[in-house]
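Computed from the coordinates by the stated procedures, all read-outs in this text should not be read as laboratory data. Keep in mind it's a predicted model, so treat the numbers as computed, not measured. As a convention, Cβ positions derive from the backbone with ideal geometry for all residues, glycine included, and neighbour counts pool all protein chains shown.
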Amino acid sequence: MSTTNKNEESCSCDDEETCQNLSKVKIEDDEDSEAENTLSDHSSETSEDSVEIEVPFRVGMWDLKQCDPKRCTGRKLMRLEMIDKLGMSAMFNGIVLTPVATESVSAKDNQIIAKYGMAVVDCSWARLHDTPFHKLQHRKTKKNLRLLPYLVAANPINYGHPSKLSCVEALAAAMYIAGFKEIGDLYMSKFNWGPTFIRINKELLEGYAECKDGKEIVSFQNHYLDQLDNSYYNKSSSTESCSESSDDDVETTVRNQ
């Protein structure tokens, strides 16, 4: 997901809603269930590094049932009771991760997440045009819609593809960026490939976590992408030079014969 350069907005909610929205999720070491044994790949297997921890805020998901349930990371989190299923009309006062947002999640969202939690819209990347995002446009919810900056997917379906993250990758990345690194690591530890996501994006995640708001996130992202472009250009130029040099060497050898 790319981000846009827009002023950050804050959210104010009643204390009574805090009591309703906050929940502590007891996370226990994952054991393979009968349903998980039917998976056709390793996308839902659990890392051996999984530990027990309490999550001090609510984590939710709008399940639009567009994904393969056998590969859906959000469904597995539901089975582990690490995420709450939300109805389309549900009011949610925390940070909502969705591809139709215009602001990037950042450290500035730390307090909103701590008080009201975060949620993700579970939809298929191939069916974004079919997704009823407009139903999430409640006054309070709309203020807290967030994008994720540039990151590379490590899930088995979209491995290596920029920005095409699974639900758990999106949640963990947002947690990491907003200052909840340990909780993000916990969520990724429930998948064998989870630590790989953190590893291949470590430089980006740590850089984003140092940014104070969405504007700095965008600046860091764009600088990183410019470096990637320059590195690719330099490598391409070097390859072309080597190829030309090799051709010259061959031609010289032929002439000397």
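Relative to the present Cα-Cα distance, how much length would full extension add between residue 219 and residue 102 at 0.36 nm per residue of separation?
Numbers: separation 117, 0.36 × 117 = 42.12 nm, distance 1.49 nm.
The span from residue 219 to residue 102 would gain 40.6 nm if fully extended.
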For this session: Could you tell me which of the pairs 115/181; 65/164; 85/181; 115/164 are separated by over 19 angstrom between their Cα atoms in the structure shown?
Result: 85/181; 115/164
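Could you work out the relative contact order of the range 139-187, using alpha carbon pairs under 8 angstrom and six or more residues apart, expressed as a whole percent? All intermediate terms of the calculation are to be shown ahead of the outcome.
Numbers: 46 pairs, mean separation 11.3, N = 49.
Relative contact order here is 23 percent.
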Exercise. If you take the C-alpha gyration tensor of the range 166-214, multiply each eigenvalue by 5 and take the square root, what semi-axes do you get, largest first, in whole Å?
Worked result: 18, 11, 8
For this session: Report the FRET efficiency, 1/(1 + (r/R0)^6), for residue 70 and residue 161, where r is their Cβ-Cβ distance and R0 is 22 Å, rounded to 0.05.
Result: 0.65
Exercise. Once the piece of chain linking residue 89 and residue 54 is laid out straight, how much longer is it, given 0.36 nm per residue of separation minus the C-alpha distance between them?
Worked result: 9.8 nm
Seminar exercise, completed: residue 78 neighbourhood, Cβ < 9 Å, K/R = +1, D/E = -1, net charge +1
